[in-house]
Amino acid sequence: MPSDTKLHPAPAAADAAWQADVRAGVRHVRDLASLPLSSAERAAAQAAAANHKVRVPKAYLDLIDWNDPADPIRAQVIPSPDELMEQDGELDDPIADHEFSPVPRLTHRHADRVLLFPTYQCAVYCRFCFRKESLTAIGRGYTREALEPALAYISDHPEIREVILTGGDPLSLPDKALAEIFARIEAIPHVRLLRIHTRVPVALPSRITPGLVAALQGRLMVTIVTHFNHAREITPATETACRTMRHAGFVLLNQSVLLKGVNDTIEVLEELCRELMYRLGVKPYYLHHGDLARGMAHRRTMIAQGQALAAALRARLSGICNPVYVLDLPEGGGKVPIGPCYVEGRDGESWRLRGLDGEVRGYTEVVGE
Ligand SMILES: *Cc1c(COP(=O)(O)O)cnc(C)c1O
Ligand code: SF4
């Protein structure tokens, strides 16, 4: 036995804990029958599940206040009748993942980094997911063989420095699969950083075990990008999970999606960003404007509202607590910051800039010859 068994629970016990959490949660649409839903909601859930799977671990389910029909946790995971109302202009592949996919399970849009999809399954299915079409249509898990073409592609492209595991949720995979993927990517000398985009620390924090972080140790810098959308998701369990990952030496970042009825007020966003940084040690990275995923019009906000929220965050929070408000453009235009803009005007070297207090001030450039 390793000498540190006193510090960590035995791996088997740690794995039993998260497995129990999965088993006791909602694993299939029929499990919704045990929840206090109206008959209209139950019928809608049945219909919506045809478009996007239903899955919620017990730990996340337990955060729902069932007395509040507009509960922000519930809104993220329980299907709503509104999902069935698709609008013109919504898209199957809102950010053109498929168009920029030279080999299966890989998207290469920006020269220095690629998205790698080791699995199209998740520990929790979020109603607002912008990849739900892929998840439903493909539905495949991880196999070593499935990743071979993508790994060969990365080896052949020395400009790739960052590999982003996404999906699906990479941390829904077993430790052994993660260790295997890590070793393969680590063996490609030009890759410097491995990034993992995941909702597991939020929805299934018990899955962040000593065995999991051990699978991701080696030469590569490891960054975990979590996906918290509301301060109510920050609990003693998520705190423990993030501490484990920080102690393992991972850089922790968070991306949130701006969602109507979940986090579209300054109070909610401000508390979320503060608690992420101050309690979890997770740096708010992006605040995403809602993508054009199908059936999500009821959760989308207007861009002007998002800009006002981002401006208020900028004025109230420290730089390290502030995310960048971005829109992931259709057709693969990439993620662009969409404000607010502090430049009010310019005349040659004279600029007019709006301060955090709202006052517009002049600034004249002075540079050497
Ligand atoms: C989001 C995304 C990335 C990562 O972008 P960052 O701005 O570095 O976080 C890389 N490739 C694709 C195709 C993406 O959609
Ligand atoms: S965990 Fe990520 S990929 Fe999976 S459903 Fe949620 S947003 Fe989509």
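Each reported figure results from applying straightforward, stated rules to the coordinates on display, with no laboratory input. Bear in mind the structure is a predicted one, so any value in this text is a computation, not a measurement. Don't worry about glycine lacking a Cβ; one is built from the backbone with ideal geometry, like all the others, and counts go over all protein chains shown.
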(request) Rounded to whole Hz and in sequence order, give me ³J(HN,Hα) for segment 230-247 from the Karplus expression 6.51 cos²θ - 1.76 cosθ + 1.60, θ = phi - 60°, writing x for Gly and Pro. (result) 8, 4, 5, 7, 8, 9, x, 5, 5, 5, 4, 4, 5, 5, 4, 6, 5, 5
(request) Can you tell me how much longer the chain between residue 58 and residue 347 gets when fully stretched, taken as 0.36 nm per residue apart minus their C-alpha distance, in nm with one decimal? (result) 98.2 nm
(request) Report the antiparallel proportion of the DSSP beta bridges in segment 227-369 as a percent, rounded to a multiple of 5. (result) 60
(request) Can you bin segment 82-126 into rounded, prolate or oblate? Criterion: square roots of the alpha carbon gyration tensor eigenvalues sorted a ≥ b ≥ c, rounded for a/c under 1.5, prolate for a/b above b/c, oblate for the rest. (result) oblate
(request) Note down the magnitude of the dipole of segment 282-336 about its Cα centre, charges +1 on Lys and Arg C-beta and -1 on Asp and Glu C-beta and zero elsewhere, to the nearest 20 debye. (result) 200
(message) Please list, by residue number, everything in segment 287-318 whose backbone N is under 15 Å from a paramagnetic label point 7 Å out along Cα→Cβ of residue 193.
(response) none
(message) Give me the dipole magnitude in Debye, nearest 20, for segment 230-323 about the Cα centre, with unit charges on the beta carbon: positive for Lys and Arg, negative for Asp and Glu.
(response) 140
(message) How much of the DSSP bridge set in the chain is antiparallel, in percent, rounded to the nearest 5?
(response) 40
(request) Kindly identify segment 1-122 as rounded, prolate or oblate by the Cα gyration tensor criterion: order the square roots of the eigenvalues as a ≥ b ≥ c, call it rounded if a/c is under 1.5, otherwise compare a/b with b/c, prolate if a/b is larger, else oblate. (result) oblate
(request) Could you sort out which of 132/283; 132/335; 176/335; 132/176; 132/260 sit more than 23 Å apart by Cα distance in this structure? (result) 132/283; 176/335; 132/176
(request) Sum up the charges of everything whose Cβ sits under 12 Å from the Cβ of residue 26, counting Lys and Arg as +1 and Asp and Glu as -1, but leave residue 26 out. (result) +4
(request) Measure out, as a whole number of angstrom, how far apart the alpha-carbon centroids of segment 205-239 and segment 98-148 sit. (result) 20
(message) Among 350, 29, 157, whose Cα projects farthest towards the positive end of the dipole of the chain, with charges put on the beta-carbon of Lys, Arg (+1) and Asp, Glu (-1)?
(response) 29
(message) Could you give the length gained by full extension between residue 359 and residue 239, i.e. 0.36 nm per residue of separation minus their alpha carbon distance, to one decimal place?
(response) 39.3 nm
(request) Mind running the shape call on segment 18-337? Use the C-alpha gyration tensor, a ≥ b ≥ c as the square roots of the eigenvalues: rounded below 1.5 for a/c, prolate if a/b tops b/c, oblate otherwise. (result) rounded
(message) Please give me the summed charge of the neighbours of residue 274: other residues whose Cβ is under 15 Å from its Cβ, Lys and Arg +1, Asp and Glu -1.
(response) -1
(message) Compute the distance from the alpha-carbon center of segment 73-92 to that of segment 245-305, in whole Å.
(response) 18
(message) For a protection proxy built on the mean count of beta-carbon atoms within 10 angstrom, sort 125-135, 251-261 highest first, please.
(response) 125-135, 251-261
